[in-house]
Amino acid sequence: MQTTSKLLMVRPARFSYNEETAQNNYFQQKTELSDQESEQDRIAENALREFDAFVKLLKANDVDLTVVQDTAEPKTPDSIFPNN
């Protein structure tokens, strides 16, 4: 079992559906709305809201946390998973 006292989190800049990883990722489901810009914006906004709330919760519980802001370029739709 591995444990850690420190976490690294990547705050997404362009969180969205990833064609490359969707083929074998059960959690990515493409819908008719997936390609619409307004739907992509809504998903990205929700991802940021959830991310920021989780960071706040971790910090409130004294978790040693480093947050790195992703960049818009190059496009990395799943940068919040740095182990990929």
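No lab work stands behind these numbers, since they all come straight from the coordinates. Only a predicted model underlies this, so the values are computations on that prediction, with no experimental measurement involved. A quick note on method: Cβ atoms are made from the backbone with ideal geometry, for glycine too, and the neighbour counts reach across all protein chains shown.
Annotations for the structure displayed:
- With both labels modelled 7 Å from their Cα along Cα-to-Cβ, the residue 56 to residue 43 distance reads 2.5 nm.
- For the chain, the relative contact order comes to 59 percent (Cα pairs under 8 Å, sequence separation of at least 6).
- Under 11 Å, Cβ to Cβ, from residue 71 - net charge with Lys/Arg +1 and Asp/Glu -1: +1
- DSSP-loop GluC sites (Glu not before Pro) across region 1-65, with at most 11 other Cβ within 10 angstrom: 32
- For residue 65, distant residues with modelled amide H under 5 Å away: 7
- Integer Hz, Karplus 6.51/-1.76/1.60 couplings in order for region 46-53, x for Gly and Pro: 5, 4, 5, 4, 5, 4, 4, 5
- The H on the amide N of residue 11, modeled in the peptide plane, is under 5 Å from the matching H of 68, 69, 70, each at least 5 residues off or on a different chain.
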